[in-house]
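Written below as structure tokens is the structure these notes are about.
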Amino acid sequence: MIVGLFNYWIVIVLMMAGLYIVMSSGHLVKKIIGLNVFQTSVFIFFISMGAVDGGTAPILKDGFTVFSNPLPHVLILTAIVVGVATTALGLAISVRVFEAYGTVEEDEILAIDRDNREREISVSTVVTESSQNERDQ
Amino acid sequence: MTDILLYASLLVPLAGGLLLLTQKDSANTRDVISIITATILFLIILSFYPTVLAGNSPSITLAEPIQGLGIVFTIEPLGLLFATVASGLWILTTIYAIGYMRGANETNQTRFFLCFAISIAAAIGIAFAGNLLTLFMFYEMLTIATYPLVTHKGNEAARQGGRVYLGILMFTSIGFLLFAILWTYSLTGTVEFKPGGILQGHASPTVALILLTLFAFGTGKAALMPFHRWLPSAMVAPTPVSALLHAVAVVKAGVFTVLKITVYVFGIDFIADTGASTIILWVAAFTLTTASIVALTKDNLKARLAYSTVGQLSYVIVGAMLANAAGIIGGAMQIAMHAMGKITLFFCAGAIYVATKKTEISQLDGLGHRMPFTFAAFFVGSLSIIGLPPMGGAWSKWFLLIGAADAEQWILLGLLLLSSLLNVVYLLSIVGRAFFVPLPANSATALPAGTIQEAPLNCVVPLCLTATGCVVLFLFGDALYNFLQPILPKTEP
Amino acid sequence: MSQIPSQLVEQLPAIQLLLTLLAAPICSMFRNGDLSWRIATVASWASVACAFALLHQVWGGGSISYEMGGWPPPWGIEVVIDELTAIVLLLVTLFGALVMTALRESLSSIMRHQRQSLYYTTFLLCMASLIGITITGDAFNVFVFLEISSLATYTLIARGRDRRALTAAFRYLIMGTIGATFILIAIGFMYMLTGTLNMADLSERLPEHYDNKVLHASFAFFTIGIALKVAMFPLHYWLPNAYTYSPKATTAFLAATATKVSLYVMIRFIFDVYGVEFAFGQMQLGTLLVPLSIAGILVASLTAVFQDDAKRLLAWSSVAQLGYMALGIALLNANGLTSAVTHMFNHAMMKAGLFLALATMIYRTQSSSLASLSGIGRTMPWTTGAFAILGIGLIGVPFTAGFISKWYLVSGALDKDWLPVAVLLIISSLMAIAYIGKMLDVMYFKPAPSEFAEIKEGPKSMLIPCWIFALLTLYFGIDTRLTAGLAGRVASNLLGAS
Amino acid sequence: MLVATVFAIVKLDHLMTAVMLMGFFSLLSSCIFMILDAVDVAFTEAAVGAGASTIFILAALAIVGRKSKKKRREKTILPLIIVTCTGALLLYATLDMPYFGTPDAPVHTHVAPRYLLESGEEVGPPNIVTSVLASYRGYDTFGEAGVVFTAFIGVLLLLGAGTRKSGLEREAPPNVKVESMRQKIVLREVADLLIAPVLVFALYVQWHGDFGPGGGFQAGVIFASAIILYALIYGIVPAQKILPPRKLAYFPGIGLLLYALVGVIAMFKGGNFLAYGALMADPHDGQHYGILAIELGIGITVAAVMINIFFSLSERSL
């Protein structure tokens, strides 16, 4: 049993470590790193599922009859690309966050927002067009 | 033919209302349209009488928003009576309102008449509703359509009044009425109005007690204490609106709903057997006594009339809760009689306001000579409300007393009599002031004695007509009794 | 129907998706925002027509299956359309198209032309992916399209004017990705047990594994993952900020479609893949869902009452309304499910309308705080009129669509003899009166702030969609064959399948 | 080893190293994929996970700074609880899992056999992964191209490569990374040597996907990494001169359209969407050319998207 499931257990440890980074880290980029680790571990899990003892890569060639399962491979190919797409977008957003706030630490951002809200209430000014709009012009 | 007319009865006021919108800029055309629409509607309603007198109750289904539950309209005597009252008084109110609104230079008159028309449509919908769902839908429509009317003046007071108005009516209707309807639905699988009721055999006495209580309180428009607050708050509205609220549509819709639920959902036998009505009966009795006492303390004329309405409505509820033939007949009659009487009183109050800008009772001293027609009508209306012959109100009070006696509710009988006595005091004292206390000497507007300074003709004529109506209803009391007989289970084989 | 080549009819499911998905890259290539907008609008309305055609085909029962790539399932990917799918499709396309129509005016003030065309592209991609999620019959394919829609949504939100939009988007991105990965794990577990990804095939093969721990874990992961996406209480954390800061009319689209489609996925998986018996019998989903959804309804409604920003208020109301739908599912009887599906449609319609009307107001006032909206009933009577009708619908007043769904929901609770639940629902309706009433009160009765005293009525291209939403709300309050009628059939199908 | 790497990431506050370790982690996992016979996946993971992702994150870090603050205490407890619960749930699940590598697990007995046994006949390419990817589950792959495209539009909308005039016209201000690399002659020489073969290799991977591991995604990423390498060493401005972002922005759309077009043509020819068999008289040829065409579409999309995203991110740091 230990041998049979060992692979999965390792994957679980990896997954959880990734998830932990996402949740505990205050740094937005580090969160993304965590997300990456988390997803990659899930990929390993999928691929483990498709492996067959004594199998070979699923490329048809004379002399091979036992192949590992190609379907998980396909799924994971897709998932990897999805992952990198998410990473890219997440980074883009964090870059914008940095430009808007001057920091990418979650608690600092929250503090800035809180300050702003208090100021807003006291002055009750109408929100002006944000910096983004100016950038666009 | 009846089907088409039935549709027409709902569509005419709506179409009239829309037509009004197109005539925004020409006040005269607009007002003529209002009157014509009202008259057509009244004629349509009248045309149903032969059918209903012949014992038929035509029914149509408009749509089926919930599976197995349609928007159904059925004409039966009780509803027809209510519809007649609402549509008949609409004509008079319209005429009166035109005079009043112009006299008082109100703004947004088109919106006013539009909402008025929608309210009437909703009232007709309530009157002809064939099941609880339909009734509830039009009930809410009425609430919402009257809201802009209540807040018509748009100032802070109007807003406050409107908030209370909408708050209480919505709270009770969604909180209690809808809940009760749904409960009924899940108990019986239907919400149709059936002679003899639908709950028989589906609900234990306790459940019936709770349900009836929910229904009665849920009908916030019936103004049972403690949910009567909206009625005095809504007094901020122009007088024609008060007339609409108190006589034509809103409160009448409320008590009508209670009456209809009692008769067609519970069935009076069922109520009598289970004693489900006990709580509400006493709440109503309490309301009618307390309201009369409160009315006494009010100096503002409209506020006094408002509390009077609260009290008078409870007569209807008492009638319904007595759950015997005389009680139901009395309650139903009270709807018509009170409508006629109260509308007279409100027309008078409005006329006084338009002519002299006076709103407090203590300012009315001696005005009786200056506005003889108005105060004569006020006197007639008061008598009718009190229930003295030869006014229509006498009949309903009479039947209610018989009902109470039949049910052997002697305390109740006493309360009813006591309340009538209070009515005498708080209504006739106004007339007394107007006629017998001389005009205050320091009055700035003092005119030579004997000068007549009435409100515009548009205002005076309707109130004279309704006053006459009070008398006429007395003469037709018997006919009304016969007309209402079919709703009672006893005549059903 | 017979004039149309039968081939075209057969290809409808693919066309449905391609219309919007292909319009997206085309749009991205134009730097002229107006031109892109025209293309996008045409594509989305064509998509509506397509959705209607599909609805027509499956009306009254029956389903269409379309094999992508010509490979039969479970080897290839299958697209399945039945009545539930069709109604969700209609929801996405119709409301999407309406918002799209209004979008140009809404954006013109805040974005340059070229940016606009990219924005339309994102919008189209979002719409296309939601369509993709809806029609697919393959579990993994759901994940792929879910990701497209998520990425598009993050982008849409991040483009908000306020910089807090960025943090809202980022938070949503993290939560959303975790949710999606959880779903992926769940799908992986299912695949592990059965060796298939096709939903129909899965539902046949899963019952024999009902006692398998892998399936239990799969179900748990799926539930958490999808609950994140649906923003089901208490995993709704991302929603209020995301809705509040996303730009203008976009909120209308997101509120109408994104969470609804996730909810649809939830219904599909719970009823059609895992099976009712497993989900509710063995996994006791009901005992979890009922208290949570009720708590969600009450807490969110209460929070909404105390908001002083109109957008945020409506966002919290969305959380509450999602609770209604979840409760409808958890009731697990015909009335409850009917209510869930009906409310899915009705709420999408009403909330989209409300947000759109609000966007029209913000178009003039530049702020969504209640203070700056005061007195707007006089300066923008038409917009506020539509807003009022939709708001009344949200409360659940008769003659509006909201009433219908609420009626079914309370009936469903009473059918189960859950009297306290029914009472709580009624109480939450009263809260709805409170928060909608609060807004209408401000809009109609507070004096307008001096700087907005002279603002004009909103532009027609925004006003007309608003009124279409309002009139539809009234229409579906009376004629409910399309909503509740169909939902009733769907409900009995779903329950019958167990 | 994987585990050690991950824990290092958890502990590390210095982000630069964390990123490097993440790249290392990806590389390690791609080795594992290799061991598990998933060559295509290994290839992609190496290119995407270890390559593209890492570079993106580095580029972003160049903007936002490299230090992560010390975490506060209360933030660690809740995540730990959640993580433990999730982990426990997963462990619980593993108890009933088929053992690793068992050939008779349901995974291997239900759907997969048809791919293994008949794809050679039905679709053609010896690489079964390609057959499944491009044909059986071509619709998924289409969606995947959509994901990439969406990310591209998103990044473009948020950061806007080439929409700022500065990108081309402004003199590059001193940037530590770029500057230092430009001066390192060895690096430069190596890079010069590398770029051309990498480009060629990308093309090879693109066309060879039918037979060996590879295909559009991998080729696209590799192609992109060659350009990115160039940009890293010579600076972004010269790179953008070669590939103006304004023009480049068209390519993702073109790639996606190409993919869809293949599907649509199939529809006109009477097949279903993406049914390549219908493209030509002989279904075999149809499959063959169909797959080639869509792989090309993917390649174009992926390459253009990756380059664009990199430009967008690094442009911001200028």
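Enumerate the aspartates and glutamates that B:K260 could reach by cross-link, defined here as Cα to Cα under 12 Å, with residues fewer than 8 away along the same chain left out.
B:E76, B:E192
Please report how far the C-alpha centroid of the stretch C:157-178 lies from that of the stretch B:317-383, rounded to the nearest whole angstrom.
The two parts, judged by their Cα centres, are 64 Å apart.
Just rank B:T278, C:T121, fewest to most, by other beta-carbon atoms within 10 angstrom.
Ordered from fewest to most neighbouring Cβ atoms within 10 Å, B:T278, C:T121 come out as B:T278, C:T121.
Under the rule a/c < 1.5 gives rounded, and otherwise a/b versus b/c splits prolate from oblate, where does the stretch C:77-155 land using the Cα gyration tensor?
oblate
What does the charge count around B:S119 come to, taking other residues whose C-beta lies under 14 Å from its C-beta (Lys +1, Arg +1, Asp -1, Glu -1)?
Residues near B:S119 contribute +2 overall.
Between the stretch C:50-83 and the stretch B:231-258, how many Å separate their Cα centres?
Here the answer is 56 Å between Cα centres.
Can you give me the distance in nm between label points at C:S65 and C:A453, each placed 7 Å from the Cα along the Cα-to-Cβ direction?
With each label point 7 Å from Cα toward Cβ, the separation is 6.9 nm.
Quantify how much of the Cα-Cα distance distribution of the stretch B:1-274 extends past 35 Å, in percent.
Percentage above 35 Å: 16.
Over the whole of B:327-336, what's the average partner chain Cβ count within 10 Å per residue? Rounded to a whole number, please. List each step's numbers first, then the result.
Numbers: counts 0, 0, 0, 0, 0, 0, 0, 0, 0, 0.
That average works out to 0.
May I ask for the net charge around B:Q312, where only other residues with Cβ less than 12 Å from the Cβ of B:Q312 are counted and Lys, Arg are +1 while Asp, Glu are -1?
Once all neighbours under 12 Å are counted, the net charge is +3.
Rounded, prolate or oblate: which fits the stretch B:277-493, taking a ≥ b ≥ c as square roots of the Cα gyration tensor eigenvalues, rounded meaning a/c under 1.5, else prolate when a/b beats b/c?
In terms of gyration-tensor shape, prolate.
Distance cut-off 22 Å, Cα to Cα: go down the list C:K260/C:K406; C:K311/C:K351; B:K153/C:K446; B:K153/C:K460; B:K221/B:K357; C:K351/C:K438 and report the pairs above it. If you can, show how the numbers build up before the last one.
Details: C:K260/C:K406 17 Å; C:K311/C:K351 11 Å; B:K153/C:K446 14 Å; B:K153/C:K460 30 Å; B:K221/B:K357 29 Å; C:K351/C:K438 17 Å.
From the list (C:K260/C:K406; C:K311/C:K351; B:K153/C:K446; B:K153/C:K460; B:K221/B:K357; C:K351/C:K438), the Cα-Cα distance tops 22 Å for B:K153/C:K460; B:K221/B:K357.
Let me confirm one metric for peptide D:305-314, namely the mean number of other chain beta-carbon atoms within 10 Å of its residues' beta-carbons.
2
To the nearest Å, what is the center-to-center distance of the stretch A:65-88 and the stretch C:430-470, using C-alpha atoms only?
If you average the Cα positions of each part, the centres end up 50 Å apart.
Which angle from 0 to 90°, rounded to the nearest 10, does the C-alpha axis of helix B:372-386 make with the longest principal axis of chain B?
Between the helix axis and the principal axis of chain B, the angle is about 30 degrees.
Order these peptides, D:77-90, C:368-381, by their mean beta-carbon neighbour count within 10 angstrom, highest first.
C:368-381, D:77-90
For chain B, I need the span (max minus min coordinate) of the C-alpha atoms along each principal axis, in Å, sorted largest to smallest.
Largest to smallest, the principal-axis extents are 71, 55, 43 Å.
With everything on Cα atoms, drop me the angle between helix B:179-188 and the longest principal axis of chain B, reported from 0 to 90° to the nearest 10.
With both axes taken from Cα atoms, the answer is about 30 degrees.
Stokes-Einstein diffusion coefficient for chain C at 20 °C in a medium of 1.002 mPa s, Rh from the Kirkwood formula over Cα pairs: what value in µm²/s?
95
Ignoring solvent entirely, what values of log10 I(q)/I(0) come out of the Debye formula for the stretch C:161-255 at 0.20, 0.22 Å⁻¹ when each Cα is a single scatterer?
Summing over Cα pairs of the stretch C:161-255 leads to -0.89, -1.00.
Rounded to the nearest 0.05, what FRET efficiency is calculated for B:L53 and C:D211 with R0 set to 41 Å and r the Cβ-Cβ distance? Can you show the working numbers first?
Values: r = 72 Å, r/R0 = 1.75.
FRET efficiency, B:L53 to C:D211: 0.05.
Can you give the local net charge around C:F189? Use residues other than it whose beta-carbon is closer than 14 angstrom to its beta-carbon, Lys and Arg +1, Asp and Glu -1.
So the surrounding residues net to +1.
Using the number of other C-beta atoms within 10 angstrom as an exposure proxy, rank B:F346, C:F278 with the fewest first.
Ordered by Cβ neighbours within 10 Å, fewest first: C:F278, B:F346.
Label point 7 Å out from C:E10 along Cα-to-Cβ: which residues of the stretch C:70-111 have amide N under 15 Å?
The answer is C:70-72, whose backbone nitrogens lie closer than 15 Å to the label point.
Given labels modelled 7 Å from the Cα in the Cβ direction, how far is it in nm from D:M16 to B:A8?
9.1
I need the calculated FRET efficiency for the pair D:T109 and C:L495, taking r as the beta carbon distance and R₀ as 22 Å, to the nearest 0.05.
For R0 = 22 Å, the calculated efficiency reads 0.10.
Return the aspartates and glutamates within reach of B:K252: Cα separation strictly under 16 angstrom, same-chain partners fewer than 8 residues apart disregarded; answer none if there are no such residues.
Excluding near neighbours in sequence, the set is B:E140.
Sequence-distant or interchain residues sharing an amide H contact under 5 Å with B:N300, placed H: which?
When sequence neighbours closer than 5 places are left aside, the close amide H contacts are B:I361.
Determine which residues of the stretch C:282-304 fall in the zone a paramagnetic label at C:I427 would reach in this model, i.e. backbone nitrogen under 18 Å from the point 7 Å along Cα→Cβ.
C:290-304
Report the FRET efficiency, 1/(1 + (r/R0)^6), for D:Y289 and D:L78, where r is their Cβ-Cβ distance and R0 is 51 Å, rounded to 0.05.
Details: r = 55 Å, r/R0 = 1.07.
With R0 = 51 Å, the Cβ-Cβ based efficiency is 0.40.
By how many degrees, between 0 and 90 and to the nearest 10, does the Cα long axis of helix C:139-158 differ from the longest principal axis of chain C?
It works out to around 10 degrees.
With a/c under 1.5 counting as rounded, go ahead and sort the protein assembly as shown into rounded, prolate or oblate using the C-alpha gyration tensor (a ≥ b ≥ c being the square roots of the eigenvalues; past the cut-off, prolate if a/b is larger than b/c, else oblate).
Here the protein assembly as shown falls in the prolate category.
Taking neighbour Cβ counts within 10 Å as the exposure measure, how do B:L149, B:L166, D:L133 sort from fewest upward?
B:L166, B:L149, D:L133
Laboratory data are not the source of any read-out in this text; all were calculated from the coordinates shown. All values derive from a computational prediction rather than experimental measurement. Here Cβ is always computed from backbone atoms with ideal geometry, including for glycine, and neighbour counts include all displayed protein chains.
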